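J.: Could you have a look at this structure, given as structure tokens, before my questions?
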6 protein chains.
Amino acid sequence: MRILIVNPNISISVTELIEAEARRAALATTELTVKTAELGVAYIETRAEAAVGAYATLNQLAEHYEGHDAAIVAAFGDPGLAAAREMLPIPVVGLTESSLMSAAQLGGRIGIIAISQRIKAWYEETVVQYGMGSRLCTIRCLDESLSDIATVQQDQEERLIQLCHQAVKEDRADVLIIAGAPLAGLARNVVDQISVPIVDGVSCAVKQAELLAMLAARKASSGSYAQPPSKLCQGLSPALSALIGRELTSE
Amino acid sequence: MRILIVNPNISISVTELIEAEARRAALATTELTVKTAELGVAYIETRAEAAVGAYATLNQLAEHYEGHDAAIVAAFGDPGLAAAREMLPIPVVGLTESSLMSAAQLGGRIGIIAISQRIKAWYEETVVQYGMGSRLCTIRCLDESLSDIATVQQDQEERLIQLCHQAVKEDRADVLIIAGAPLAGLARNVVDQISVPIVDGVSCAVKQAELLAMLAARKASSGSYAQPPSKLCQGLSPALSALIGRELTSE
Amino acid sequence: MRILIVNPNISISVTELIEAEARRAALATTELTVKTAELGVAYIETRAEAAVGAYATLNQLAEHYEGHDAAIVAAFGDPGLAAAREMLPIPVVGLTESSLMSAAQLGGRIGIIAISQRIKAWYEETVVQYGMGSRLCTIRCLDESLSDIATVQQDQEERLIQLCHQAVKEDRADVLIIAGAPLAGLARNVVDQISVPIVDGVSCAVKQAELLAMLAARKASSGSYAQPPSKLCQGLSPALSALIGRELTSE
Amino acid sequence: MRILIVNPNISISVTELIEAEARRAALATTELTVKTAELGVAYIETRAEAAVGAYATLNQLAEHYEGHDAAIVAAFGDPGLAAAREMLPIPVVGLTESSLMSAAQLGGRIGIIAISQRIKAWYEETVVQYGMGSRLCTIRCLDESLSDIATVQQDQEERLIQLCHQAVKEDRADVLIIAGAPLAGLARNVVDQISVPIVDGVSCAVKQAELLAMLAARKASSGSYAQPPSKLCQGLSPALSALIGRELTSE
Amino acid sequence: MRILIVNPNISISVTELIEAEARRAALATTELTVKTAELGVAYIETRAEAAVGAYATLNQLAEHYEGHDAAIVAAFGDPGLAAAREMLPIPVVGLTESSLMSAAQLGGRIGIIAISQRIKAWYEETVVQYGMGSRLCTIRCLDESLSDIATVQQDQEERLIQLCHQAVKEDRADVLIIAGAPLAGLARNVVDQISVPIVDGVSCAVKQAELLAMLAARKASSGSYAQPPSKLCQGLSPALSALIGRELTSE
Amino acid sequence: MRILIVNPNISISVTELIEAEARRAALATTELTVKTAELGVAYIETRAEAAVGAYATLNQLAEHYEGHDAAIVAAFGDPGLAAAREMLPIPVVGLTESSLMSAAQLGGRIGIIAISQRIKAWYEETVVQYGMGSRLCTIRCLDESLSDIATVQQDQEERLIQLCHQAVKEDRADVLIIAGAPLAGLARNVVDQISVPIVDGVSCAVKQAELLAMLAARKASSGSYAQPPSKLCQGLSPALSALIGRELTSE
């Protein structure tokens, strides 16, 4: 099986974290292709950055999806996920969605632990959009500004564990999601210190992507997730316009 | 990996259908133990039958879970699932929940195809209880009384495909779930005739159980899914009272 | 009028509390039959215990309902209520449901006072399942482990009154429900110390059962609360199989 | 026990229907005082008419409540109910609320049968306001304009029964409410022709009022249902200003 | 353009505040007619007072609407708004609704700052009734009893600003509404001290009324906001009965 | 006042329709700048096209917003609206949001009339995302494929009017929104043929933009709609990176 992973952020160091954790989570027989957004910001925290990241992600997916059995949008908040699901002939999953769906099978009230206060609104809106708002009991976030996105989980481990404890005790979380690609792998490292199941976006996404590829569900040819109808477009990469348009110049 | 599957219905013929489909879905290295409820009804359609099935399922799970990495409650409607999740030290999944969580990653509006009108209310309440009510767009059901639960998918294939088409066209389903253990395997057989992705409860549950076992999430030791506190009990099997009670006679 | 009350817990001492409060609440002309679950735990706090309690309750109801005009499932959380409502030809009410419906006619925001932290999730899910989640403003619970379930309302009276005050002041409850059969009667005793209306599960259930019996609403013969269709069953008591099945051996 | 019933419509003929049905429903020992709004319209169908009816009802309640143990706002849609509940020291119930709370204990999905298409929006908003929107499955209404509000249930009996059947078959109602004071008593007359339980606003309100009076719940002295704080007012009847104001002239 | 503004409270001093702020907000070409309720209370805080205020407002609107292009119900909580919208042939807006709809275009989570604790429940229910409950993140209120309703914004300015800061920091409000006619103009005065957009009920209502008048949307002649069907009425002012009834004496 | 309007589609002919209707709706003193997306598709119907349109819109807004008092995202579905609201120091509105907020002040149940079946899911999700899902009663759409997007309202006028009638009669819409820039102006032309108020996305957006500019609400400097924190970015236009990033090369 071959899975394409796209990091919607431009940070190569975060892509490396994602790749390492994805490799650990994947079946031995799963091959991974990992790509980084070519435009955008270092790490997405806001709706504006997510809109840019969505576009960058669609470009990377369009460019590289061929030959793969499934794809992953590898930033929590899933920028461009629904768009990609429409556009591509293979299953596409996202870190938020996959970890929510996995967490939902481990407990009732789901808590999310994240890297910044600013990121909270975007994550919350993403969960609500998936219809899972009633399952979300809390999003607890680091307060301090991050010195280095690549080392946030080492630098802030103690504080992150404390947020987990608060989510369990004060917000009654039955299960926790460690959110955000920069925290990839943390769940594995702290599992013994937390009293409820704790899952990670990257590993959940890899496993759910493998699952969907193995189920071999077909691509929708009708309904709202069928491929967008061909229409005039301009300014898009050849790969993207092959999936969602028909170049204006070809008229 | 070893997975325990319990059929909450007493029908051996349905257990065989479940086992065959589960075997097809499982990884080659996954071992399956399949058990049938020792008390209850031929197939659960109502809240009363589900309450009985839940008790029967908890008994079978308590009796046989040891040595397994995950367990499956193998009737759509998931009788006893939340109870089992509290009680057992291993992950437990159900056909409704697993297929909802898988389907949610394949499209927006989810439709369910089921075997009888009477079963509809129970299925609907189950979906709503999981907080996924806003994702459910329809439950379409066979109208006629079933001549034989074991052969319903052969006997009714044409009508079931018609229900799928109606769910897509009239109810705008983006993805379909073929509900109920007696329909195990149908999704695979009709995939080419339906224009949206179509998933099956048994195969989704097997894959999600494998997924959770591989994530190695720990059992909650606090929160509402920790094991029930030990307390006086009576009339329970030794296996069940070991998990949720302390025999009155042992006082 | 004759009302059957079943305590889904095995505690005789709690059954006595229920009976005493029920007798105080009932019309002089109402006769009460009070039964205790024959299997299960001392007091139900979790989903697993509730699943067992539901089965035990259905058995007692099936065994004893004949000759009664209405029945009561006498544990807060209402284990087996919807199942019993399907199964029996007479109205069946539960402590949570009846007190919610009564409280809803006394104020807007409803608060619940309960005996243990662990019980909270189960109660909350029960309220949400009835579609009354938007009316629930708080569930406040005792923290300490109980020395004796039969005397909890005496032992903890001061703390319970404090929880009521907090629910009113901090959670803006307009009306309170004292939850759980072990607290039967407390509402009556503390009414003068609490600044909002306060109701009790047992007395509400008795009055709502009398009300439904007097309304003489007929049993559904269609829809999802009609009696379950007769089908093959095994391992059930004669009384239970007469209501939801058709013994396998009689085939 | 003494119960005050106020008809928020000005129709004496409807008041007589209400009184007859209330008398049938009440305990032998319950005394009823029945009053008709002194201003307003023949029968309330719209938000504007309900606003006027609410004011008229508050006036009648304020004028006559003394010496009573509970009061009833006797139009479906409950004009002025929440206001009355704040204002009066005795329990107040309404036809919609009481019948919803009774119906909710007889089945899951609740259908309402009503006398005109125009009335539908107001009824629907009332149900949603009580937080019971998820329980409401349909409101089915007569289409034709009414020749005489006092005889609508005789004139339209056949069509009303047909609406009941449609609500059960097409909308999957588990229980029905016959809405509106002009239909008082119909539920009793058609009970044998309808396959699900069927309740009536007037009789439910009488029984729920008796129930609350017998529970002897105290009047809130804090929270949002305490009596309105005394303040300057003008233009109100002495009875009304005694309950919600302090006459400007008395400054 | 001519706009009619009705203060549902009897306080002339508040009417003056409303008029001053409305004048500041209106286009230079907009003429304003400002009326005060002839019956009711000094300022509405409760459901009972709002029911009286609704009736008083409908009377003033009926009496004075002719010759106007739009009308405003000028108390937060919008007493009588939906009724007026049905009844009048011109657009009618309210302070709560207009400020919610404006605020919703400035941010995601909306906070409300209000003058008393008692007023909170009524405001909250109003927001929920408009279907905007998911957008409301907080209602923060003054605690102390007001010495003078006309000078509350001067007397309590510091505390009101503090409530704004808390709504932003603790409740994560993206935008604030200063609620209640007695606070008209405060938003303008404190705009520099608050870190999120802050709007005012009166100015929003004036602008939304102008907007609707300029859109020249027609009055509904069908549906639930068409004028109430003519029917027998009594005890209403000639102006009101012309809009919602047909005098009984004219039969 | 100066308002910037960006058409997220690449169709110049649609931009012309938007500009003409915007000019009709605007105050005489309002100056309009109208821009067309430089990349994307002829008209957006899907999530994928909306994601591309969002990026194109942010680019145009960033490039041209200076010197304007408010901005409009001029495609129904509002691609990039929340992102733009974060990013820009001036108010930004969208066609869906503005028309919903205006329609909500004209009636209860809101219906939307749109140009294609495929567009329905995206519109529906947009409404739900604004928290207005409970107000939406229907989206009715043209079925046939469009021969020319610029003349759809002329070509399909009769069918569009028929959809309006069905939305009123069958779906009980109290107010209608004619959705989509290609239908700009249609509401004005058919107002006399439809029995409920009918509004248009473009004119509502222009009036709401003027309204917000006149209210002079400040830009959030805290909360989730403050400008995104400056951070490393790459591949963005100078205008866009000035608003949401700090070029990587400038490190």
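We did not get these values from a lab; they are worked out from the coordinates using the rules stated. A quick note: this is a predicted structure, and the numbers were derived from the prediction, not measured. Reconstructed Cβ throughout: ideal geometry from the backbone, glycine too, with neighbour counts over all protein chains shown.
J.: May I ask for the angle, rounded to the nearest 10°, between helix B:201-215 and the longest principal axis of chain B, with both axes built from Cα atoms and the value confined to 0 to 90°?
T.: It is inclined by approximately 50 degrees.
J.: Note down the nm distance, to one decimal, between modelled labels 7 Å out along Cα→Cβ at E:Ser145 and at C:Ala242.
T.: About 6.6 nm separates the two model spin labels.
J.: Measuring label to label, 7 Å along Cα→Cβ, what does E:Ser145 give against each other copy in nm, shortest first?
T.: 4.9, 4.9, 5.4, 7.1, 7.4
J.: Taking a label point 7 Å out from Cα toward Cβ, give me the nm distances from D:Gly67 to the same spot in the other copies, shortest first, one decimal.
T.: 4.6, 5.0, 8.1, 8.1, 9.4
J.: In the structure displayed, which of D:Lys231/E:Lys120; C:Lys35/C:Lys169; E:Lys231/F:Lys169; D:Lys120/D:Lys169; B:Lys120/C:Lys120 lie more than 27 Å apart, Cα to Cα? Show your work: numbers first, answer last.
T.: Working: D:Lys231/E:Lys120 18 Å; C:Lys35/C:Lys169 38 Å; E:Lys231/F:Lys169 23 Å; D:Lys120/D:Lys169 20 Å; B:Lys120/C:Lys120 29 Å.
Beyond 27 Å between Cα atoms: C:Lys35/C:Lys169; B:Lys120/C:Lys120.
J.: Here is a further query. Angle between the Cα long axis of helix A:47-64 and the longest principal axis of chain A, 0 to 90 degrees, nearest 10?
T.: Rounded to the nearest ten degrees, it is 50.
J.: Go ahead and run the numbers for FRET between A:Arg159 and B:Glu170, Cβ-Cβ distance against an R0 of 56 Å, rounding to 0.05.
T.: Calculated transfer efficiency: 0.60.
J.: Okay, moving on. Select the chain C residue whose beta carbon lies nearest to the rotation axis carrying chain C onto chain D, and write the distance in whole Å.
T.: Smallest Cβ distance to the axis, with its residue: C:Met101, 2.
J.: A follow-up question, please. Can you list the distances in nanometres, one decimal and ascending, from the D:Gln162 label point to the identical position in each other copy, with the point 7 Å along Cα to Cβ?
T.: So the label point of D:Gln162 gives 2.8, 2.8, 6.5, 6.7, 7.1 nm to the other copies.
J.: Related question: Given only helices, namely DSSP H runs of n ≥ 4 each adding -39500 (n - 2.57), what is the per-residue ellipticity at 222 nm of chain D, to the nearest 500 deg cm²/dmol?
T.: After summing the helix terms and dividing by the residues of chain D, the value is -12000 deg cm²/dmol.
J.: Taking the alpha-carbon centroid of each part, what is the distance from region D:8-86 to region C:17-63 in angstrom?
T.: 38 Å
J.: Also, I was wondering about something else. Treat each spin label as a single point 7 Å out from the Cα along the C-beta direction, and report the F:Glu66 to B:Ser230 distance in nm.
T.: 7.4 nm
J.: Using only the Cα atoms, work out Rg/Rh for region E:97-201, with Rh taken as the Kirkwood radius, to two decimals.
T.: Reported Rg/Rh, Kirkwood definition of Rh: 0.93.
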